[in-house]
Amino acid sequence: MGVLALAPTAIDPAAIKRARALRRNMTEGERKLWSELKEFRRLYGLHARKQAPIGPYIVDFVLHESLVIEVDGQHHFAPEQMEKDRIRDGWLSTQGYRVLRFSTGELAESFDGCVEEILRKVGVM
């Protein structure tokens, strides 16, 4: 038997390793949202990925290669992190992605409303 050769990828191996670690350590809100998003393929024909490397960033979720969904904890509301998020969102926009952000509080208090907003953004509702 021969050796299996994997296709080369443009994604940095360190980013792949970090994404895998993030997948194993998702927050409760991220786990709940992932449980819903992975049903989107069956229900709506939309493929979802979690902790996905895109360029220099690892996004929380990406739907159908067009919508990035970020779940922001408390540290995202510090001015320094807000600026980093603004730069990141701008870069993702130049790559053709729309970014939708939810705070962990929004997910906890209005989970169904957050899911409905995602469905509106992808044109299902």
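Read-outs: derived from the displayed coordinates by stated rules, not from any lab. As the structure is a computational prediction, the values presented were derived from the model and not from experiment. With ideal geometry, Cβ positions are generated from the backbone for all residues, glycine too; neighbour counts draw on all protein chains shown.
Shown here for the range 27-125: GluC sites (Glu not before Pro) in loop regions (DSSP other than H, G, I, E, B) with at most 14 other Cβ atoms within 10 Å, namely Glu39, Glu65. Put in line by how crowded their Cβ is, counting other Cβ atoms within 10 Å and starting with the fewest, Ile69, Ile58, Ile87 read Ile87, Ile58, Ile69.
Each residue in Arg101, Arg120 was given a count of other beta-carbon atoms within 10 angstrom of its own, and listing them fewest first yields Arg120, Arg101.
Using 0.36 nm per residue, how much length does the chain from Glu106 to Arg41 gain when fully extended, once their Cα-Cα distance is taken away? Display every interim value, and only then the final one.
Details: separation 65, 0.36 × 65 = 23.40 nm, distance 2.39 nm.
The span from Glu106 to Arg41 would gain 21.0 nm if fully extended.
Hydrodynamic radius of the range 30-121 by the Kirkwood approach over all distinct alpha-carbon pairs: 13.6 Å. Determine the sum of side-chain charges near Asp112: Lys and Arg each +1, Asp and Glu each -1, restricted to other residues whose C-beta is under 12 angstrom from that of Asp112. Neighbourhood net charge equals -4. Residues in the range 40-49 carry Karplus couplings, in order, of 4, 5, 5, 7, 10, x, 10, 7, 10, 10 Hz; the curve used is 6.51 cos²θ - 1.76 cosθ + 1.60 with θ = phi - 60°, and Gly or Pro positions show x.
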